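First comes the structure, then the notes that go with it.
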Amino acid sequence: MDLAQEEPAGDGEMEELVRVSTANIPNGENHLQRTHFPGMVRKKAYIFDGLGNYYNKEWDLAEGSGQEFCWYHVELPKGKQKLSQSAQYLIDVLCPPLKLQDILSLVSNGPFCGHVDGALVFRVNSPGPPSSNFTFRLAARVTENSVITISLGRVPRLGFSPVGQSLLSEIPSIESPSYHRGERNEGSGIVIREHVLEFLLTMNHSEEADNPVPKSVSNLVVHIIDTHMDHLQDVVTKLEMELDSVELELDRGGFALKKEMLDDRRFPKMHLNLQRLLQVIAHGEQVFPRVKEKCSSKHWFASEDIGSLEELIGRLRRLKENVGFLANRVTAIQAGLDSWQSEQINRKLYYLSFLSIIFLPLSVITGVFGMNVGGVPWTVQKDPALKDGFQNVMGLCLAMLLLVLLCFIFPALYSRLTAWLRRRSLKRTWSYNRRSFLKRTIGLQERGGYLRI
């Protein structure tokens with residue numbers, strides 16, 4: 001039966017699900033078929049001989065035989081595509097021989113570890129936006145002679161490259177003014193520029209050329225999880241360095257810098273990114289112990305690699321504590337900025353209240369003398385005896401202003417006066433006790449007695 005049609009119940013619309021059987025298609029033609037999304041994903045294929053050697057191979061999704069095993073890696077783009085688009089990319093490059101249940105188990109969000117169609121499948125896919133640097137997705141399908149992995153974006157140190165191409169194996173030297181690009185003096189080593197050093201300081205691992213070549217599938221599984229941990233550690237290290245620089249800027253900066261950070265919501269965004277990291281780490285805490293438990297029952301999984309998985313699980317817990325400390329630091333800095341903002345608002349309200357207290361009595365006085373009724377003093381404009389009425393009103397306003405200022409200054413004067421009186425009384429008491437102590441000491445020395453404590 002080549003075609004099968006199904007008619008599901010819906011809103012009256014007819015949908016046809018057509019499945020093409022590939023049983024009669026040769027294996028080579030099936031794998032070398034033309035893709036529908038060329039260049040959208042990156043693919044790497046390796047074959048290992050089990051003796052510490054590896055070779056690049058074509059993308060045929062075939063399993064190894066004997067001691068040989070194969071590794072196929074798919075790198076999804078970090079764009080704004082939907083999850084269904086990522087699933088289409090995987091179907092394009094992995095089907096056949098993988099089935100739809102395999103694709104769904106690899107591309108879905110959330111933690112998972114279990115057997116799907118006889119293969120061990122685990123994933124730690126966070127549900128954040130794919131374009132974010134804090135969204136991590138790693139899934140693997142493991143059999144006895146092949147491993148298929150899917151990652152979102154590039155994972156550092158995941159692949160392999162020939163030995164001798166690593167920058168870390170070179171002897172570095174300091175850049176001099178006479179250095180020209182491409183020049184390398186004998187015995188001086190290669191020049192490492194400052195921006196390259198800043199990038200290398202954020203890495204907690206070596207390069208691909210320094211990766212030990214796995215000799216078994218269990219070594220490869222440990223290598224995949226280890227690189228995932230290194231990737232998380234790199235992001236945490238970058239956050240630590242960014243937080244240190246921000247704290248230094250806050251110590252040196254003033255009003256404008258703090259206002260800019262509050263307007264940009266820099267620390268709430270950083271806190272949100274840390275929460276995403278904690279979610280990824282929590283997924284790893286759920287998945288990796290189950291991976292160790294299921295792999296311990298496999299005869300092809302080495303016992304020393306079980307110990308390596310246990311070490312990686314402990315490292316993940318320590319990383320979670322470190323991210324928690326960073327989240328507490330971000331919360332403390334944000335609380336300090338909020339307190340500073342409240343202080344600025346209270347200071348402005350204080351000035352406004354001070355001005356209102358000053359002008360309120362003046363407005364009362366001017367309102368009283370501005371009433372259009374009889375009997376108000378100094379309001380007869382033509383009386384020579386009251387020609388100084390305006391000056392008298394202004395003098396009264398000035399006296400009221402001085403009284404208000406005295407009310408503000410009086411608490412400070414009172415506190416200074418009480419502090420001076422307290423110091424004077426303490427000084428007088430100390431001098432009296434000192435004279436009495438000297439008198440008692442001299443009297444005891446004359447009598448040859450002891451001083452009672």
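List every residue pair whose Cβ atoms sit under 9 Å apart, with the two residues 6 or more apart in sequence or on different chains, where the first one lies in region 330-348 and is under 14 Å from Lys259 (Cβ atoms) and the second, anywhere, is loosely packed, with under 12 Cβ neighbours inside 10 Å.
If the second residue must be loosely packed, with under 12 Cβ neighbours inside 10 Å, the pairs left are Gln344/Phe255.
When you check Leu248 against the structure, is it surrounded by 12 or more Cβ atoms within 10 Å (Cβ to Cβ) and among the hydrophobic types (A, V, I, L, M, F, W, C), yes or no? Reasoning before the result, please.
On the way: surrounded by 12 or more Cβ atoms within 10 Å (Cβ to Cβ): no; among the hydrophobic types (A, V, I, L, M, F, W, C): yes.
Spelling it out, it is not the case that Leu248 is surrounded by 12 or more Cβ atoms within 10 Å (Cβ to Cβ) and among the hydrophobic types (A, V, I, L, M, F, W, C).
Counting only residues that are crowded, with 17+ Cβ neighbours inside 10 Å, of a type in the set (S, T, N, Q) and farther than 25 Å from Ser216 by Cα, how many does region 133-158 have?
Here the count works out to 1.
Scanning for something in a strand (DSSP E or B) and either among the acidic types (Asp, Glu) or farther than 23 Å from Ser297 by Cβ (or both), does region 138-148 turn up at least one residue? Please lay out each step first, then the result.
So the first thing to find is which residues in region 138-148 are in a strand (DSSP E or B), and the list is 138-142, 146-148.
Filter again for either among the acidic types (Asp, Glu) or farther than 23 Å from Ser297 by Cβ (or both), leaving none.
Within region 138-148 (the criterion being in a strand (DSSP E or B) and either among the acidic types (Asp, Glu) or farther than 23 Å from Ser297 by Cβ (or both)), the answer is no, since none of the residues qualifies.
Does Ile357 satisfy the criteria of being open to solvent by 60 Å² or more (accessible area, probe 1.4 Å), touching a helix residue (DSSP H, G or I) at 6+ places or on another chain (Cβ under 7 Å) and more than 30 Å from Ala140 (Cα to Cα)? Lay out the reasoning, then the answer.
Values: open to solvent by 60 Å² or more (accessible area, probe 1.4 Å): yes; touching a helix residue (DSSP H, G or I) at 6+ places or on another chain (Cβ under 7 Å): yes; more than 30 Å from Ala140 (Cα to Cα): yes.
So Ile357 passes the test.
Here is a list of conditions, (1) within 25 Å of Phe136 (Cβ to Cβ); (2) of a type in the set (A, V, I, L, M); (3) touching a helix residue (DSSP H, G or I) at 6+ places or on another chain (Cβ under 8 Å), and Met261 meets all of them except one; can you say which number that is?
Every listed condition holds for Met261 apart from (1).
I need a count of the residues in region 261-305 that are open to solvent by 80 Å² or more (accessible area, probe 1.4 Å) and in contact with a strand residue (DSSP E or B) (Cβ under 8 Å, 6 or more places away or on another chain).
So the count comes out to 2.
The values are calculated or read from the model by the stated rules, or taken from the named source; none is laboratory data. Note that the structure is a prediction, hence the values are computed from the model and not measured. Note: ideal-geometry Cβ built from the backbone for every residue, glycine included; neighbour counts use all protein chains shown. With ligands, DNA and RNA removed, areas are computed over all heavy atoms of the protein, side chains included. Shrake-Rupley method; radii C 1.70, N 1.55, O 1.52, S 1.80 Å.
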